[in-house]
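The values are calculated or read from the model by the stated rules, or taken from the named source; none is laboratory data. This is a predicted model, so every value here is computed, not measured. With ideal geometry, Cβ positions are generated from the backbone for all residues, glycine too; neighbour counts draw on all protein chains shown. Remember, those area values only see protein heavy atoms, side chains included, never the ligands or the DNA or RNA. Shrake-Rupley method; radii C 1.70, N 1.55, O 1.52, S 1.80 Å.
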Amino acid sequence: MSDHDHDHPHDHAHDHGQDDEPRWKHDGVRVITGDRLDPNTAQTPGMFRQAAINHARVGAQKIWAGTVSIQPNAKTGVHHHGELESVIYVVRGKARMRWGERLEFVAEAGPGDFIYVPPFVPHQEINADPDNPLECVLVRSDNEAVVVNITDVDPVEAPESVYWVDPIHKHPPGCRPVSRGPTGPRPRPS
């Protein structure tokens, strides 16, 4: 980086004179390298989060982004993220997501897949691979690292598999079809 390198919030304006450096040089695009991620963020048992983009690091006003890793065959504690929406991009491994009041629903995602988690949805991430870590990129709709860990959930034994089914995405053979409406999945009438 340059001799004007700084890690403070960027909610200020530099007053650059005519002979000084141009606007946006240090308050424009930021690159956070993989070896500079910050583990000092809210954690959930069973996973390891690291912040890349937040207000403290780059002055982000409306997003939080970072990484999450889960060891082979491990699962996280049940949690939600308050009013925040979350997007998880699977880089490596096999993610199994359980969600609902009793974690009664389940879906899986692999490398290249995106997972959307709406506000307040109790969920649990599981590394479905017994041999390799699960590595993901995580983006949230605010710069706050909201994590509400839930300890009083009695999970169902056999969660219901939920697949994305719409005119473009047909349900897999042998699986119960689910239609999507504005309020989420609901079984189709038989």
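For residue 188, are the conditions met, namely being modelled with pLDDT under 95, in contact with a strand residue (DSSP E or B) (Cβ under 6 Å, 6 or more places away or on another chain), open to solvent by 70 Å² or more (accessible area, probe 1.4 Å) and of a type outside the set (Asp, Glu)? Here the answer is yes, as residue 188 does meet what is asked. For residue 143, state whether it is of a type in the set (S, T, N, Q), open to solvent by less than 50 Å² (accessible area, probe 1.4 Å) and touching a strand residue (DSSP E or B) at 6+ places or on another chain (Cβ under 7 Å). When the stated conditions are applied, residue 143 passes them. Keeping to segment 96-134, report how many residues are within 12 Å of the chain's Cα centre (by Cα) and either under 19 Å from residue 46 (Cα atoms) or hydroxyl-bearing (Ser, Thr, Tyr) (or both). Residues flagged as within 12 Å of the chain's Cα centre (by Cα) and either under 19 Å from residue 46 (Cα atoms) or hydroxyl-bearing (Ser, Thr, Tyr) (or both) within segment 96-134 amount to 7.
The strands (runs of 3 or more DSSP E) found entirely in segment 36-154 that carry 2 or more residues being free of Cβ contacts under 8 Å to residues at least 60 places away in the same chain and touching a Leu at 6+ places or on another chain (Cβ under 8 Å) are 48-53, 86-92, 123-127.
Can you tell me which residues in segment 81-95 are open to solvent by 30 Å² or more (accessible area, probe 1.4 Å) and over 25 Å from residue 34 (Cα atoms)? Hit for segment 81-95 is 83, nothing else.
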